[in-house]
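Have a look at the structure below, then the notes.
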Amino acid sequence: MEKLQELIKSADTLKALEEVRIEIFGKKGVLALEFAKMKSVPNEEKKAFAQNLNIQKAKLTDIYETKRLVLESFALRQMMREDGVDVTLFNGINESGALHPVNETMNKIIDYFVSMNFSLEEGSFIEDDFHNFEALNLPKHHPARDMQDTFYLNDDLVLRTHTSPVQIRTMMREDVKPPIRMISPGSVFRRDFDVTHTPMFHQIEGLVVDKAGEISFANLKFILEDFLRYMFGDVKVRFRPSFFPFTEPSAEVDISCVFCDGLGCRICSKTGWLEVLGSGMVDPNVFKAVGEGYEDVSGYAFGLGVERFAMLIHKIPDLRSLFEGDIRLLEQFR
Ligand code: DAH
């Protein structure tokens, strides 16, 4: 019997094991012959004889099954090694991807302000009336609220219409005190849809606050001019008086048209200028709404639309194409 056990253990392929199986367990195998001997065993020994034989058979079966599992898994691994595909192999048609132009533009803008020591702040997409409007000097029923067509969730909650509420959230944080230099990039939402508007787009907000008298319009002008030349190269920059509820004075900032070099074309409506962002000195009412710690400060703020920048940099005619998911648009940015 030991010999039979050795015989099974020594089989080193499934084929060899199958031959051993037939030799031991087959119809004319060793075990069958042993059981056949029962006939010539005296009656009183029959029981012991059969018992012994069954134990031997169970042992052999056990060894056989174990051996079979080992050889099968070995064969499977061998097959996988031979048939397997090397997914790391270069197939010659790999194409590199690229960042979406909105992300790429956003990263470039963030790089500039981070290099100028601005911190990055995050807000949330759902805002309450206080942070999105009230604290920004946009009281209820103020006509300036109509500048932003809002998605209301209920009487108090809105999908934020701009990134400006992050100004308020940052200033009201317990661990934040002036001086503040922050930007806040992110999605904003308005009920708009045409060639230059989508219901979701991205803005970057900027806020600088320090002791009263430390921050002037000259600081604002310097940083925005420097920033716009970093983004658009050698362009002219002009500040145009404007109105925002949260800044006083307010200015809209234009660059000379990148399509016609300021000569006047269809895209700049023959003016030679393109409006690129809003800005101004933080309105005292905003500091009043923020409250404690902001009694004796001054600051400037600005806000810009990332898609607008991406369109001007890449000369994309229809803003909506940025969100259609057409691979042909993205392929141009590889
Ligand atoms: N929140 C304004 C908007 O969505 C943009 C803006 C204008 C932000 C002037 C500012 C600012 O911080 O000073 O249209």
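The values are calculated or read from the model by the stated rules, or taken from the named source; none is laboratory data. Given the structure is predicted, the values throughout are model-derived calculations rather than measurements. Glycine gets a Cβ as well: all are built from the backbone with ideal geometry, and neighbour counts include every protein chain shown.
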Quick one: which strands (runs of 3 or more DSSP E) sit completely within the range 175-274 and have at least 3 residues that are on the phi > 0 side of the Ramachandran plot?
none
In the set GLU275, GLU248, the lone residue that is without any contact (Cβ under 8 Å) to a residue 60 or more places away in the chain, within 13 Å of the ligand (Cβ to nearest atom), within 31 Å of the chain's Cα centre (by Cα) and within 27 Å of SER164 (Cβ to Cβ) is GLU275
Sort out which residues of the range 296-329 are among the charged types (D, E, K, R) and either closer than 19 Å to GLY278 by Cβ or touching a His at 6+ places or on another chain (Cβ under 7 Å) (or both), and write them in order of number.
GLU307, ARG308
Within the range 148-179, the residues that are among the aliphatic types (A, V, I, L, M) and farther than 14 Å from ALA135 by Cβ are LEU153, LEU157, LEU159, VAL176
What are the residues in the range 301-315 that are away from the ligand (no atom under 16 Å from the Cβ) and closer than 15 Å to ASN103 by Cα, if any?
ALA310, MET311, LEU312, ILE313, HIS314
Just to be sure, is GLU127 among the acidic types (Asp, Glu) and in contact (Cβ under 8 Å) with a residue 40 or more places away in the chain?
no
From the set of residues in the range 146-169 that are away from the ligand (no atom under 12 Å from the Cβ) and touching a Ser or Thr at 6+ places or on another chain (Cβ under 9 Å), which is farthest from LYS211 (Cα to Cα)?
PHE151
If you scan the range 121-142, which residues turn out to be within 19 Å of VAL286 (Cα to Cα) and either touching a Ser or Thr at 6+ places or on another chain (Cβ under 6 Å) or within 15 Å of the ligand (Cβ to nearest atom) (or both)?
GLU121, GLY123, GLU127, HIS131, ASN132, PHE133, GLU134, ALA135, LEU136, ASN137, LEU138, HIS142
Pull out all pairs, ordered by first then second residue, where Cβ-Cβ is under 7 Å, the residues are six or more apart or on different chains, the first lies in the range 175-204 and is more than 25 Å from GLU324 (Cα to Cα), and the second is more than 13 Å from the ligand (Cβ to nearest atom) and among the basic types (Lys, Arg).
PRO178/LYS211
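Table: residues versus (1) within 30 Å of MET231 (Cα to Cα); (2) in contact with a Lys or Arg (Cβ under 7 Å, 6 or more places away or on another chain).
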{"residue": "SER119", "(1), (2)": "yes, yes"}
{"residue": "PHE125", "(1), (2)": "yes, yes"}
{"residue": "PHE130", "(1), (2)": "no, no"}
{"residue": "ARG145", "(1), (2)": "no, no"}
{"residue": "PHE151", "(1), (2)": "no, yes"}
{"residue": "ASP155", "(1), (2)": "no, no"}
{"residue": "THR163", "(1), (2)": "yes, no"}
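Residues are listed down the side, and each one gets a yes or a no for (1) of a type outside the set (D, E, K, R); (2) within 30 Å of THR13 (Cβ to Cβ); (3) in a helix (DSSP H, G or I):
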| position | (1), (2), (3) |
| --- | --- |
| ARG81 | no, yes, yes |
| SER96 | yes, no, no |
| LEU99 | yes, no, no |
| VAL102 | yes, no, yes |
| LYS140 | no, no, no |
| ARG145 | no, no, yes |
| ASN154 | yes, no, no |
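Table: residues versus (1) in contact with a Gly (Cβ under 9 Å, 6 or more places away or on another chain); (2) modelled with pLDDT of 95 or more; (3) assigned by TED's automatic domain parsing to the domain that holds PHE125.
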| position | (1), (2), (3) |
| --- | --- |
| HIS162 | yes, yes, yes |
| MET171 | yes, yes, yes |
| SER184 | yes, yes, yes |
| HIS197 | no, no, yes |
| LYS221 | no, yes, yes |
| ARG229 | no, yes, yes |
| LYS236 | yes, yes, yes |
| PRO241 | no, yes, yes |
Reported set for the range 192-230 where residues are within 14 Å of the ligand (Cβ to nearest atom) and among the basic types (Lys, Arg) is LYS221
If we keep only residues of the range 286-325 that are of a type in the set (Asp, Glu) and not in a helix (DSSP H, G or I), then the residue modelled with the lowest pLDDT is ASP318
